[in-house]
Each structure stands twice: as C-alpha cells, then as structure tokens.
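Asks: Attaching a single structure in structure tokens format; questions to follow.
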Amino acid sequence: MRKSLVAGNWKMNGSSASIEELVAGILAGAGSSPADVLVCPPHVYLAQVAAALSGSNVKLGAQDVSVEASGAFTGDVSASMLKEMGCSYVLVGHSERRAIHGESSALVAQKFVAAQNEGLISVLCVGETLEEREAGNTVAVVSEQFEAVLDLAGIDAMKKAVLAYEPVWAIGTGKTASAEQAQEVHAQLRAVAAARSVEVAGGMQILYGGSVKPSNAAELFAMADIDGGLIGGASLQAEDFLGICAAG
Ligand code: 13P
C-alpha cells in the first residue's frame, strides 16, 4: 500500500510574516493528516520554515535546484545547500521552470541526479499543454519527460523519488482534470515505469497537481494510481491545504 503525500508548492508567494502565519496554521492541523505533508517555500524562506517545522512531521522541500555542486553560477542554489537548510525534498521540472526558464527534459534529468546524489527526494513534475492534449499527444509528452530521467538515473532511482502529473492547462486555471482523466495518465506513467521494473512501479508515488481544492481532492485521491497531490494556490491558505491533506 502506497502512503499518500500532499505537497504545497508556494511558488513565488508570501513574505516572512505571512509565511510564519501559514506554517503555524499548517502545524496546528497537520498532526491529524492521513497523508504525509510537505511544504516547498521560496528558497529565501527555507531556513525560517525549517526552524518553524522543527520537531514536527511536516517535511520541507525546495522548488528548484542547480545541476552544479558549487562555483560561479550566479543566483543558483545547489542540492547540498538545500540539504543543509533542512530540505529532504525538491521539485524538479515544474512546468513553470520548463516554460518560463526553458528547462529541457535533459536538464531536468540532470537536476534530478544532482538532487539524488545529495540524498534529496525529487518530485519530478511532468505534464502536457492544452495544445498537446488536443493533438492527442498527452502520453507521448509525459512519457518523454519521464523517460529522460529514467534513462539518465535508472529505474531504481524512483525508489527514492516521487512523480507528479501536472497538466499545464489545469495549473492555476481552476480547471481540474477529471479524476478519470488524471487516473488514465497516472496509469500510463506507472506503465512506463513498470516496463523497466514492476516492483519499482508498484511502490512509486504519483501525485496529481492542477487546481486541487478541498472540494475535489477526495475524488482525485480515491483513484487507484493517484497517491496524493501537488498543490499550488490552495496551499497558501492553511485551512484549504489541511482540507486537502485530510483527503489523503
Ligand atoms: P494550482 O494548484 O494553483 O493549480 O498549481 C498547481 C501547481 O503548479 C503545483 O505545483
């Protein structure tokens, strides 16, 4: 039985004061969450959030990582720095990084490996645009994104990593994939992994992301291959986020 995970991706939102309040709100209810709980604040607030989470079961992750270990890479943050700040997880390949920062599947795969080399658990994000879905290319797109990582890191790497299916057209739009649409892609992604190892595929957590709210989380999380969620907007309100965790 796979344990579910609910992760909050705060993106570039918040201030020191609002984040203090958000974390306090999450901590007040996270103890009763059936799902594991993860929060991913902006890099600059990692130390603050790590201190606030200390002694709790809520896990800390970052939103991005450099492929490099150290050196002249202005503005970048390495996996060892994230580790030192208390992160155990990191998002890699979020569609906003792929689209806005031009990250290729090859670069995302290198980031995944850099994170893994430091013992961080990557949450590898994959997802198709509306145009790709309408052209019937959903499975081809998400498989290419996933296989780029499997080719570089190997299937065993997924024993210590998480996959997140986030259809781009559902992110921040209020348009959630139906539970059936999401399940179909999750099952395909698990099949991609199963072609390399049935055992690893069976244990791999696959999160759904894209306009998840307390009102639709239970239906999504009830699907056979959906093991929790990656939450954007609704993770910025403790009450909404905890409502989603409760469905986990
Ligand atoms: P929303 O929940 O705001 O649609 O964002 C999803 C997401 O991108 C999480 O990484």
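Asks: Filter region 170-203 down to the residues that are of a type in the set (A, V, I, L, M, F, W, C), without any contact (Cβ under 8 Å) to a residue 60 or more places away in the chain and within 20 Å of Ala7 (Cβ to Cβ) and list them by number.
Replies: Residues satisfying the conditions are Ala170, Ala177, Ala179, Ala182, Val185, Ala193.
Asks: Would region 95-102 turn up any residue that is of a type in the set (Asp, Glu) and without any contact (Cβ under 8 Å) to a residue 60 or more places away in the chain?
Replies: No, region 95-102 contains no residue that is of a type in the set (Asp, Glu) and without any contact (Cβ under 8 Å) to a residue 60 or more places away in the chain.
Asks: May I ask you to list the residues in region 175-191 that are at pLDDT 95 or above and crowded, with 21+ Cβ neighbours inside 10 Å?
Replies: Ala182, Val185, His186, Leu189
Asks: Further question: Sort through Gly203, Gly172, Gly127, Gly136 and tell me the only one that's at pLDDT below 95 and more than 21 Å from Glu68 (Cβ to Cβ).
Replies: On inspection, the qualifying residue turns out to be Gly172.
Asks: Considering only region 116-140, state which residues are of a type in the set (D, E, K, R) and under 30 Å from Leu82 (Cα atoms).
Replies: Glu118, Glu128 - these are the residues of region 116-140 that are of a type in the set (D, E, K, R) and under 30 Å from Leu82 (Cα atoms).
Asks: Failed condition for Ala17, given (1) at pLDDT below 95; (2) part of a helix (DSSP H, G or I), with all others met?
Replies: (1)
Asks: Still on this structure, I have one more. Report the residue count in region 158-206 for those that are within 12 Å of the ligand (Cβ to nearest atom), within 22 Å of Ala115 (Cα to Cα) and in a helix (DSSP H, G or I).
Replies: Residues flagged as within 12 Å of the ligand (Cβ to nearest atom), within 22 Å of Ala115 (Cα to Cα) and in a helix (DSSP H, G or I) within region 158-206 amount to 0.
Asks: Further question on the same structure: For region 20-37, which residues satisfy the criterion of being in contact with a strand residue (DSSP E or B) (Cβ under 6 Å, 6 or more places away or on another chain) and in a helix (DSSP H, G or I)?
Replies: The one that is in contact with a strand residue (DSSP E or B) (Cβ under 6 Å, 6 or more places away or on another chain) and in a helix (DSSP H, G or I): Ala30.
The values are calculated or read from the model by the stated rules, or taken from the named source; none is laboratory data. Since we're looking at a predicted model, the values are computed, not measured. So basically every Cβ, Gly included, is an ideal-geometry build from the backbone, and we count neighbours across all protein chains shown.
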